Amino acid sequence: MPKTKKKAELPAPQATTPELRLDLLMALSDLPGVPGQEDAVRDFVLQELQGLADEVRVDALGNVIARRAARKSQKGERQERVMIAAHMDEIGFLVRFIDAQGYLRVQALGGFDPRNLFARNVTVHTRGGPLSGILTPGGKPVHIAGPEERKRIPEVREFFIDLGLGAEDVKAQVRVGDMVTLDQTARRVGNLVCGKAMDDRASVFLLLETLRALKDTAPKHEVIAVFSTQEEVGLRGAVTAAYGVQPTVGIGLDVTLAVDTPGAAPEDAVTRLGEGIGIKVFDSTMISHRALVDQFWDLAQKGGIPAQLEVLPLGGTDGAAIQRSRGGVPSVTLSLPTRYIHTVVEAVQVDDLRAGLNLLLAYLR
C-alpha cells in the first residue's frame, strides 16, 4: 500500500486509450442474467476474454476469474495482487407461483421501485425457450378506478405476468424458479448509453476494455479480474472470489447515483453525469481505504482525468466484499455516474466511461 506520510511522485498516466466499443456495451446490457442465472453473460465474457489473460477459470459460484501477470518488478518497487470486480447479474425476478388462471407471480431479485414496473414487457426464460409476457399490477384500469386507487402504488408482490396462454399451456412450460427479465434494447441517446442493465454491465465492459488495453503491455501489478455473480442479492460471488484470490488490494467497479435531473436538490446529486468517474469515499457497506482514495484522486489530477469524489448514503458494491475478506483488504470502488438506476433506461455517459478506463489504466500501468 502507498505510504501516507510521504507522498511519492506519481507517474503520468500513459494517455491514449483505444476507442470505446460501445456496441459491446449495448450487447452486454441486452443479455439476460439475474442473480444465480448469469449464464448468458458469463458465456459472452469468456468469449471476449480470449487472448486477454494468462489464465481464465470459472469457480463454483459461477464467477469468471481472469489473471494477468505483472511485469518484472524494478528494484525497490512494490507490486500488488489487485482484484478488480464487476458483477454480471442484473435485477430481475424469479417465478414464485403459477395460479389457476395461468398468471405468474414473481419474486424480486434486487431493489425495484414499483412505480417503474407498470405495464412492462418481460421475458420468462424457461427450459424450452423464452416466452414473452406482460408485467402489471393487479387492480382496476384507470378508467374505472377511484381517486384513492389511482394514487396507490402497489407492492412488487402484487404484480403478475400475463403470458397470453391458457393455464395448462403455462404450467406445461413454466416452472417455479424460472428467470424473468425486463425487455429493453440498449440505445444511444445523445452522449448517453441507455439500457436495462448498465448496472453493472457498464463496469463489466470497463473491465474487459481494461484487459484489452493491457493486452500487449504487462501491468505493473498482478491483475485478478473477477466478473462476479449474485451481487444484487448480497455481494455473494465477490465474497467467495476474494477469499480464494487473496488480493492485497481490492477495486470494486460499479455504478452509482447521478441524481442531477429536475426535482432533486444539488446536495442530493451524489455524482453528476459528465463530470468524470466517481471515486467512492463512503457507502452503507464500506468506507474506502483512505490512501487508495488519495492515490486514485492524485492520479486523476496529474493525468487530467475527470473524477469526482462520491458519498453514497445507501447501497453497496463488490468492493465491500473484497475489503472484508479474510483479515481485511485495502479497497476502493470506482463508480460510474448513472441516471435512472434500477429502471429499464439506466443511463451512463460516454466521457465518464472513458475517464473510468483511463484512471484504471493509470493505476495498473
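The values are calculated or read from the model by the stated rules, or taken from the named source; none is laboratory data. Bear in mind that the values here come from a model prediction, so they are computed numbers and not experimental data. Here the Cβ is made from the backbone with ideal geometry for all residues, glycine too, and neighbour counts use every protein chain on show. Protein only, heavy atoms only, side chains kept; ligands, DNA and RNA dropped before computing areas. Shrake-Rupley method; radii C 1.70, N 1.55, O 1.52, S 1.80 Å.
Report yes if residue 121 is within 20 Å of residue 200 (Cβ to Cβ) and within 24 Å of the chain's Cα centre (by Cα), otherwise no. Taking the combined requirement at face value, the residue does not satisfy it. Inspection of the stretch 110-121 identifies no residue that is in contact with a helix residue (DSSP H, G or I) (Cβ under 6 Å, 6 or more places away or on another chain), assigned to a loop (DSSP other than H, G, I, E, B) and among the acidic types (Asp, Glu).
Figure legend. Inter-residue proximity from the stretch 55-77: first residues within 23 Å of residue 236 (Cα to Cα), second residues open to solvent by 70 Å² or more (accessible area, probe 1.4 Å) and not in a strand (DSSP E or B), beta-carbon distance below 6 Å, spacing 6+ or different chains. Indicated pairs: 67/54. In the stretch 144-158, the residues that are closer than 27 Å to residue 107 by Cβ form Cβ pairs under 7 Å with partners that are open to solvent by 90 Å² or more (accessible area, probe 1.4 Å) and part of a helix (DSSP H, G or I), at six or more places apart or across chains, as follows: 153/115. Those residues that are at pLDDT 95 or above, of a type in the set (D, E, K, R) and not in a strand (DSSP E or B), I need them from the stretch 75-101; list them, please. If the condition is that a residue be at pLDDT 95 or above, of a type in the set (D, E, K, R) and not in a strand (DSSP E or B), then 80, 89, 90, 99 are the ones that fit.
Selection within the stretch 68-98: residues that are of a type in the set (D, E, K, R) and open to solvent by 20 Å² or more (accessible area, probe 1.4 Å). The member of this set that is farthest from residue 36 (Cα to Cα) is 75.
In the stretch 207-235, the residues that are closer than 15 Å to residue 250 by Cβ form no Cβ pair under 6 Å with any partner that is of a type in the set (S, T, N, Q) and not in a loop (DSSP other than H, G, I, E, B), whether six or more places apart or across chains.
Listed by position, the strands (runs of 3 or more DSSP E) contained in the stretch 288-361 that have at least 2 residues being closer than 19 Å to residue 193 by Cα, open to solvent by less than 40 Å² (accessible area, probe 1.4 Å) and of a type in the set (A, V, I, L, M) are 331-338, 346-349. None of 32, 18, 2 is closer than 29 Å to residue 193 by Cα, in a loop (DSSP other than H, G, I, E, B) and modelled with pLDDT under 95 except 18.
Just to be sure, is residue 62 under 19 Å from the mean Cα position of the chain (by Cα), more than 16 Å from residue 204 (Cα to Cα) and not hydrophobic (A, V, I, L, M, F, W, C)? In short, no.
Of the strands (runs of 3 or more DSSP E) that lie entirely inside the stretch 136-190, those containing 1 or more residues that are open to solvent by 80 Å² or more (accessible area, probe 1.4 Å) and touching a helix residue (DSSP H, G or I) at 6+ places or on another chain (Cβ under 8 Å) span 187-189.
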